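Some notes on the structure that comes next.
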Amino acid sequence: MKILDNYLKLEKEIFDYFGYVEDWRRIPIDNQDTLGYFWRLDGEGPGTVRYAESEEILDNEDGKYWENEIYTQRHLPKWVYRGKDYTMVVVDTHMDGNQYLQIFDNSLERT
């Protein structure tokens, strides 16, 4: 089935870009497009990732923003995968047991 072959090939290209290797459990790429959001990593240890539509909302945490806990498991060597232009973060939404691979644009990262 060509469409499935294409899907698996593209997924492998994405994982190769980040150096991500699945192990023990399959975590899907988030279907919410987070590439246009300002974002930052917060907290000690694994911490959280926060993201918002504007830099002001992200800075003030006043308005519509999101926060997900960074998901850890012993089978992954790390939980934040930085590429040249994009970063992939393994997150736990704490909503219906969902964990995802969220991808962010490095040019929109704020500290």
Query raised in the report: What ranking of I70, I3 emerges when the number of other C-beta atoms within 10 Å of each C-beta is taken as an exposure proxy, fewest first?
Result: I3, I70
Requested in this report: Pull up all non-local amide H partners of S54: gap of 5 or more, or a different chain, and H-to-H distance under 5 Å with H placed in the peptide plane.
Outcome: F38
**Report entry** Between helix 2-18 and the chain: long-axis angle, C-alpha atoms, 0 to 90°, nearest 10
**Finding:** 50 degrees
**Report entry** Neighbour-count order for R82, R74, fewest beta carbons within 10 angstrom listed first
**Finding:** R74, R82
Query raised in the report: What are the ³J(HN,Hα) values, in whole Hz, obtained from phi via the Karplus relation 6.51 cos²θ - 1.76 cosθ + 1.60 with θ = phi - 60°, for each residue of the stretch 97-111 in sequence order, with x given for Gly and Pro?
Result: x, 7, 10, 9, 9, 9, 10, 10, 7, 4, 5, 9, 6, 10, 10
Query raised in the report: Which percent, nearest 5, of DSSP beta bridges in the stretch 2-108 are antiparallel?
Result: 95 percent
Query - Which of T87, T93 has the fewest Cβ neighbours within 10 Å, and the rest in rising order - result: T93, T87
Query raised in the report: What residue among D62, D92, D33 has the largest mean-square fluctuation in a Gaussian network model of the chain, using Cα springs under 10 Å?
Result: D62
Query raised in the report: Rounded, prolate or oblate: which fits the stretch 27-70, taking a ≥ b ≥ c as square roots of the Cα gyration tensor eigenvalues, rounded meaning a/c under 1.5, else prolate when a/b beats b/c?
Result: oblate
Report summary line: The relative contact order of the stretch 2-108, taking Cα pairs under 8 Å that sit 6 or more residues apart, comes to a percentage of 27 percent
Requested in this report: At q = 0.18 Å⁻¹, work out log10 I(q)/I(0) for the stretch 2-108 with the Debye formula, treating every Cα as an identical point scatterer and leaving solvent out; two decimals please.
Outcome: -0.92
Query - Amide proton proximity set for I29, modelled H, under 5 Å, gap of 5+ - result: L101
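No value in this document is a laboratory result; all are computed from the given coordinates. Just so it is clear, the model here is predicted, and its values are computed rather than measured. Note: ideal-geometry Cβ built from the backbone for every residue, glycine included; neighbour counts use all protein chains shown.
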